[in-house]
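Structure first, then comments.
Laboratory data are not the source of any read-out in this text; all were calculated from the coordinates shown. Source: prediction; values computed, not measured. Glycine also receives a Cβ, built like all others from the backbone with ideal geometry; neighbour counts cover every protein chain displayed.
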Amino acid sequence: MRSDIRASFNGPTGVAGGVPLTFSLIVNNLACAPLPGVAVYAWHCDREGRYSLYTSGVTNQNYLRGIQVADSTGKVTFRSIFPGARLRPVGHQHEPGHPRHGHGLPRRPRRA
C-alpha cells in the first residue's frame, strides 16, 4: 500500500516530475454509504502523457501507480503529479491526445 505514487518502487528508481497533486476518492455503495476496507488501485500518465510500464521511454518504470485501502469513511488519498494529456497511437499528424484523466479500480479484499 502506498499513498505517494510519484516514485517507482520494487527496483526501478524513476520519479515522475511535475506539478504536485494530492487527490482523494470516496468509495460508496449504490445507497451512498461508505465502503471501508475496499482496496483502490489508482494510476495515471505522467506530465508528458506516458504510462509507466506501457509507453516507450518509461517501460522500465512503475511510477504513478498505487493501492490504498479505504478508511472508515470510504476515503483514500494519493500524492502524485498533475497528469498530462494521454498520448495515443497517431493515425494522422494532427490527431489530438486524450484529455487529462486518471483511472481507479475498487476491489473488496479477499477474505481468508
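Worth pointing out:
- On the basis of the beta-carbon distance and an R0 of 35 Å, residue 82 and residue 35 show a calculated FRET efficiency of 0.80.
- Extension gain, residue 69-residue 24: 0.36 nm per intervening residue step, less the Cα-Cα distance, totals 15.0 nm.
- In region 34-88, Cα pairs under 8 Å separated by at least six residues give a relative contact order of 48 percent.
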